[in-house]
């Protein structure tokens, strides 16, 4: 679905990306109204993701929350300073951090969860009852498609990096083998 012919002006009222941004603003505002300024909706999402799967790496948190890497790194750092979470070296990868809820993070999540549910309900209450499930299903489908696209891009990038490394290795091996070929050719001529 497009806005219209290219010659027509862009209409925010029919822009999917703009409307999703406005919906996100609504969700954030509702959450803040109920929780206050102690905890942001993004921070809540991080706490909830850690509670679902304790010991996630920051890379896993990016996937679970949809928060970009740099923003998540900053968010996690601030949350750790506040004593809401703790980071330890991941058992399977010394370069990664396993993230866990601290006691105060667990308490904060518990108190904010009812407000998050109330914020969700306030948003869904704006829709006709018959459209609510469809709305949530469409959002879930968009999130799933986004996750699949990110996973494919990550796989493609790894494949491309492997190919580039393989090509580079071939380049480095060629010059070393060429003098041997020339030497062999000289011996055959004599």
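Every number in this text was worked out from the coordinates using simple rules, so none of it is lab data. Because the structure is predicted, anything quoted here is derived from the model rather than measured. Please note: Cβ atoms are built from the backbone with ideal geometry, for glycine as well, and neighbour counts cover all protein chains shown.
Report the FRET efficiency, 1/(1 + (r/R0)^6), for residue 32 and residue 151, where r is their Cβ-Cβ distance and R0 is 35 Å, rounded to 0.05.
Details: r = 32 Å, r/R0 = 0.90.
Plugging the Cβ-Cβ distance into 1/(1 + (r/R0)^6) gives 0.65.
For the Cα atoms of the chain, what angle does the longest principal axis make with the long axis of helix 69-81, in degrees from 0 to 90, nearest 10?
60 degrees
Run lengths n ≥ 4 of DSSP H only: what is the helix-derived mean residue ellipticity at 222 nm for the chain, with -39500 (n - 2.57) per run over all residues, to the nearest 500?
Values: 6 runs with 136 residues, N = 190.
Per the formula, -25000 deg cm²/dmol.
Hey, what did the chain get for relative contact order, percent, Cα under 8 Å, at least 6 apart? Before the final figure, lay out the partial values.
Working: 124 pairs, mean separation 33.0, N = 190.
It comes to 17 percent, rounded to a whole number.
Just to be sure I understand: with springs between alpha-carbon atoms less than 10 Å apart, which residue in 152, 169, 81 has the highest mean-square fluctuation in the Gaussian network model of the chain?
169
Which whole-number percent of Cα pairs in the chain have a distance greater than 23 Å?
Numbers: 11083 of 17955 pairs.
Percentage above 23 Å: 62.
With r defined as the distance between the Cβ atoms of residue 141 and residue 11 and R0 fixed at 25 Å, what FRET efficiency is calculated, to the nearest 0.05?
Numbers: r = 24 Å, r/R0 = 0.97.
The formula returns an efficiency of 0.55 here.
What is the spin-label model distance, in nm, from residue 125 to residue 21 if the labels are put 7 Å beyond Cα along the C-beta direction?
2.9 nm
Classify region 51-127 as rounded, prolate or oblate from the Cα gyration tensor: take a ≥ b ≥ c as the square roots of its eigenvalues, call it rounded if a/c is under 1.5, otherwise prolate when a/b beats b/c and oblate if not.
Working: a/c = 2.40, a/b = 1.75, b/c = 1.37.
Prolate shape, in that a/c is at least 1.5 and a/b is the bigger ratio.
Quick one: angle between helix 41-52 and the longest Cα principal axis of the chain, in degrees between 0 and 90, rounded to 10, please.
The angle comes out near 70 degrees.
Quick check: pseudo-label points 7 Å beyond the Cα along Cα→Cβ at residue 172 and residue 82, how many nm apart are they?
4.6 nm
Any chance you could give the angle, 0 to 90 degrees and rounded to 10, that helix 16-35 forms with the longest Cα principal axis of the chain?
50 degrees
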